[in-house]
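Enquirer: Let me begin by handing over the structure; questions about it come next.
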Amino acid sequence: MAEAAMAAQVPPDQDGDECLPQYRHLLSPDLLAGQVAFITGGGSGIGFRIAEIFMRHGCRTVIASRNLQRVSEASKKLVAATGQQCLALSMDVRQPQTIAAAVDEALKEFKRIDILINGAAGNFLCPASALSFNAFKTVMDIDTLGTFNTSKVVFEKYFREHGGVIVNITATLSYRGQALQVHAGAAKAAIDAMTRHLAVEWGPNRIRVNSLAPGPISGTEGFRRLGGKWAEKSDQFSLIPLQRAGNKTEIAHSTLYLASPLSSYVTGTTLVVDGGSWLTSPNSFSALMGIASSSAKL
Ligand code: HXC
Ligand code: NAP
């Protein structure tokens, strides 16, 4: 095939929770200079790459999740690769008091928060018939309530007075209905609704609220958990218009757009970043049912 046109070129990515060995700026390196981003789930996967790309654009970050060792190790890598500051904090988005303590700590350290990325989530494949009441509740608690809890704490402690930007990381699962995903699909759909409600209510406070819905993103825990056996098949992406999975850098670039002044008049919307996947990808019942019948806890 002929060399890809510039606009179709894919930015390189790196497997695992490692920083990019090289990075070519497509936007001004000081796009987020002086700003601070609070990123839940920032110690791994998509959240880690969002932290890195933001830091490469001049932003200081707070990365927060349950596992302090994970965020601490991630923070060291991010600082070494970018030269920016990164504060690692432990909190559980299901426990508002732990969020409040983390936000207090972040404000003590940096005196400001400009951007909130709600990236923390939990998911697994499971048929509705086998899903326990607590399993459904757990995913709703982490994804939906966790997004509300964190947004409310940051609003009360900083955004109400100063304005800010919120980006909620969601998914396209509910757009057409996806087998084995009633819990995550419902949770992410509720977040997209929350995005619109909060955009309306908090707009006068100079707060923009948007969702970003990734498609299948390689090198992530979500991809590993949801890809199942058919992720290994070479023809798995032929049904996606762009014929491939996305990568973490691509999600981070689109998040950078939503978080930066480039999108200063964008609020209450969902940016789908999936190569056109949800438009064309069917439920693959034979593959899904194979997974369902061998469904074990991951
Ligand atoms: C069925 C399961 C299960 C599984 C857990 N449960 N795993 N049920 N299949 N594979 C049930 C448990 O039996 C329990 O119900 C309930 O869920 C809570 O489980 P715990 O282990 O006690 O919960 P907790 O320790 O809070 O862990 C949350 C978790 C876990 C979601 C279950 O997997 C986690 O921490 N995940 C975070 C990382 C992650 O999931 N990353 C991928 C995000 S990708 P009972 O009834 O037994 O008490 C993503 C992609 C979205 O979100 C869209 C992609 C297109
Ligand atoms: P991941 O690495 O597992 O990211 C999830 C993060 O959430 C982890 O860092 C985890 O850290 C944190 N987390 C989980 N429960 C938490 C809690 N109760 N409190 C605080 N933090 C918690 O998975 P990923 O695939 O990169 O997913 C990142 C985001 O993208 C998620 O919102 C996911 O739904 C979304 N997404 C991913 C894909 C994909 O293809 N990967 C597709 C669509 C949407 P701890 O374990 O340390 O808490």
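Enquirer: Would you calculate the volume per residue, in Å³, of the smallest convex hull containing every Cα atom of the chain? List each step's numbers first, then the result.
Expert: Values: hull volume 38.6 nm³, N = 298.
Convex hull volume per residue, Cα atoms: 130 Å³.
Enquirer: How are the Cα pair distances of segment 1-52 distributed, in percent, across 5 Å bins from 0?
Expert: Per 5 Å bin, starting at 0, the Cα pair percentages come out as 4, 15, 20, 21, 22, 10, 5, 2, 1.
Enquirer: In straight Cα distance, which aspartates and glutamates are under 14 Å from Lys76, not counting same-chain residues fewer than 8 positions off?
Expert: In chain and number order, the partners are Asp17, Glu18, Glu52.
Enquirer: So how long is each side of segment 137-218 along the principal axes, counting just the alpha-carbon atoms, biggest first, in Å?
Expert: Principal extents (Cα only, largest first): 43, 24, 22 Å.
Enquirer: What is segment 1-142 by shape, rounded, prolate or oblate, if you read a ≥ b ≥ c off the alpha carbon gyration tensor as root eigenvalues and call it rounded for a/c under 1.5, prolate for a/b larger than b/c, and oblate otherwise?
Expert: On the way: a/c = 2.29, a/b = 1.22, b/c = 1.88.
Oblate shape, in that a/c is at least 1.5 and b/c is the bigger or equal ratio.
Enquirer: What is the distance, in nm, between label points placed 7 Å from the Cα along the Cα-to-Cβ direction at Gln243 and at Leu145?
Expert: For the pair Gln243/Leu145, the computed spacing is 4.6 nm.
Enquirer: Here is a further query. Counting only pairs 8 or more residues apart or on different chains, how many lysine pairs in segment 132-234 have their Cα atoms under 27 Å apart?
Expert: On the way: Lys137/Lys152; Lys137/Lys188; Lys137/Lys229; Lys152/Lys188; Lys157/Lys188; Lys188/Lys229.
Lysine pairs meeting both conditions in segment 132-234 amount to 6.
Taken together, the values in this text are just the output of simple stated rules run on the coordinates, not laboratory data. What you see is a predicted model, and the numbers here were worked out from it, not measured in a lab. Here the Cβ is made from the backbone with ideal geometry for all residues, glycine too, and neighbour counts use every protein chain on show.
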